[in-house]
Amino acid sequence: MLPLKDNVPTARFPVVTVLLILLNVVAFAWELTLPTDQASNAGFERAGVSKRDQALAEYGAIPYRLTHPGKECGITGQGGDSTNIVCQGTSDYARASAEGQVTMLDSPPWWATVFTSMFLHAGWLHIVGNMLFLWIFGNNVEDSMGRVRYLLFYLLGGIVATYTLTLLNADSAEVLFGASGAIAAVLGGYILLHPRSGVLTLIFLFLFVTLVEIPAVIMLGIWFILQALPGIGGISIPLLTSGGVAYLAHVGGFLFGLAMIKPFVAWARARRPRLAH
């Protein structure tokens, strides 16, 4: 299922939603400028890691760094499936470091990667799908609470999504990145704001393709189930080399949206000036 548009009009132009989309697109355009062969740094070249994957590892969120502030990580291995990220304080790092096989990542502070990771994407399908969902559903959520509160809602949703997965994989040195967690919070908010709105959806069923208007509660409910089932089944963090899906982060973001949309909307209404009678 691929949503194309909803039928809920907005009262104001969604400035923050558009800016978030632009920031994601700019970040992805920067990723595309990075070569995908081998990094110029000799250590990364030895490990068979490209400049693009190096950037994803450096600016993505690594659960071990988030749960062990001050510990840094590096890449070790001979390329392909033998390439790994190892972090200070682990036996793998000690062993690889003693053998001179670790090339340290030049990452920003651990707390900064919680934010930088939200604007990175693994490929065209990843970013196009995320930005489509953000455009369709984000404008109405922004309309419900105003621009500043919406930005806070979005970023907090991304943080909760990252830590949902991180706290369940505290010692993992895999890399988490993408806007999906924050966008999942937007979807969780939308499903409570406009459950009966119609979402024009492109349906693919083998060779059968059609357009159907589906109630948001059904369309987004199915989306959530498709995230929750593999997440509960143990599929978790995207690998630097495998491009997996962070289902548990999506679940965490969506639940945040469900829980916090009403407080944020109530906050916005309380701040609006009342007309004198």
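The values are calculated or read from the model by the stated rules, or taken from the named source; none is laboratory data. Please read all numbers here as calculations on a predicted model, not as lab measurements. Virtual Cβ from ideal backbone geometry, glycine too; neighbours counted across all protein chains shown.
Numerical summary
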| item | result |
| --- | --- |
| Pairs, first part of a loop (DSSP other than H, G, I, E, B) in the range 82-102, second hydroxyl-bearing (Ser, Thr, Tyr), C-beta under 8 Å, six or more apart | THR83/THR76; THR83/THR241; THR90/TYR64; GLN101/THR76; VAL102/THR76; VAL102/TYR93 |
| Failed item in (1) touching a His at 6+ places or on another chain (Cβ under 8 Å); (2) aliphatic (A, V, I, L, M); (3) more than 19 Å from ALA61 (Cβ to Cβ), with ILE127 passing the rest | (3) |
| Close pairs (6 angstrom Cβ cut-off, 6 or more residues apart or separate chains): modelled with pLDDT of 95 or more and assigned to a loop (DSSP other than H, G, I, E, B) in the range 11-35, among the polar types (S, T, N, Q) and surrounded by 13 or more Cβ atoms within 10 Å (Cβ to Cβ) anywhere | PRO14/ASN139 |
| Per-region count, the range 225-268, residues at pLDDT 85 or above and of a type outside the set (Phe, Trp, Tyr) | 21 |
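To keep it simple, each residue is scored yes or no on (1) surrounded by fewer than 24 Cβ atoms within 10 Å (Cβ to Cβ); (2) modelled with pLDDT of 95 or more; (3) in a loop (DSSP other than H, G, I, E, B).
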position	(1), (2), (3)
PHE137	no, yes, no
LEU155	yes, yes, no
ALA170	yes, no, yes
VAL186	no, yes, no
GLY189	no, yes, no
